[in-house]
1. For the residue pair D163 and S239, what label-to-label distance in nm results when each label sits 7 Å from Cα along the Cα-to-beta-carbon direction?
2. What is the packing order of peptides 36-42, 253-259, 11-17, taking the mean over residues of other C-beta atoms within 10 Å and listing the highest first?
3. Using the Kirkwood radius over C-alpha pairs as Rh, can you work out the diffusion coefficient of region 200-283 via Stokes-Einstein at 4 °C, viscosity 1.567 mPa s, in µm² per second?
4. Residue by residue, what Karplus-based ³J(HN,Hα) values in Hz, rounded to whole numbers, does region 82-92 have, using 6.51, -1.76 and 1.60 with θ = phi - 60° and x for Gly and Pro?
5. Tally Lys and Arg at +1 and Asp and Glu at -1 over the other residues with C-beta under 13 Å from the C-beta of G231: what net charge comes out?
Amino acid sequence: MTMSQALDYPVSVYYSLGSSLALYPADWTGAYSGNLEFAIGETSKETQINIIGDTRLEIFEYIRLGLYGVTNEGNELVLASSSYAEIEIINDDPAELTFHVGQQNKVALMLSNDWINEIISVTPESKPSWLRTGVEMEELPAIPGFYFYVNGLSANPDESLIDETGEFTVQLHSISGELLTEMPITYTLVEGDRDLDGVPNPEDIFPDNPRGATDDDADGIGDEWENEYFGNTTTATESSNSDTDGLLDIEEFDLGTNPNNEDTDNDEVNDDVDLYPLDQNNW
């Protein structure tokens, strides 16, 4: 903070910092409030704010700074006026999204609930023909905020789009239509991967099961899953039931349960009769 002129007596300026889209301590830390003490002749003082980096795709964030009067060493008010400023945290994370050809994709941009009444859009001139956007917002479970959804490729996929790259722009407008900010987003289209296991659908033997992608022994059980639980691909077969819980190993592969534990979620209800074998609180 800088004073316009030096004084011939010491003064103190009380300041406070508050969250305005930027959340404390998730986005920043530092002294929430305090006094800046100016000695005789001093015109500049500093207080430190630590910015916490993250990789969330966010449009903007601010910290609100308030200055509340100037007092002398006798704690007498010299200047009663207050002033405010906003410190902008620049989002320098790469705004890059990946869409999978051949399946619906839902991508969320996080915004603070302070902006729930604003209008979010994608500029028509930058919007790819396959991209759909929505203003559906949903409260985040852990962080106060809302999602803005971007959807794409929900039907009639064009395989020629694979490896296409491009850019579209997300804009935030006020209710009156004033443009508040905008953010360019780069996208890449890749081969469809319905179960999001990193293996494209055409190469995935189990495209809807993320627990396996290959089946070299053709037993209907993913090799990756077999190696994880048995250390080989021969122990589990189409008819084996390793933990004797009433579920065949092939059924445990489909359900995601542990083939070596008759009660995967440890709720004292065996997997074969447990309607929710992966949820300890339900059975």
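1. My value for the distance between the label points is 4.7 nm.
2. Output ranking for 36-42, 253-259, 11-17: 253-259, 11-17, 36-42.
3. Approximately 99 µm²/s, per Stokes-Einstein.
4. Karplus-based 3J(HN,Hα) across region 82-92 equals 10, 9, 9, 8, 10, 9, 8, 8, 6, 7, 10 Hz.
5. In short, -4.
No value in this document is a laboratory result; all are computed from the given coordinates. This one's a predicted model, so the numbers in the text were calculated from it and none came from an experiment. Cβ: placed from backbone, ideal geometry, glycine included. Neighbour counts: every protein chain shown.
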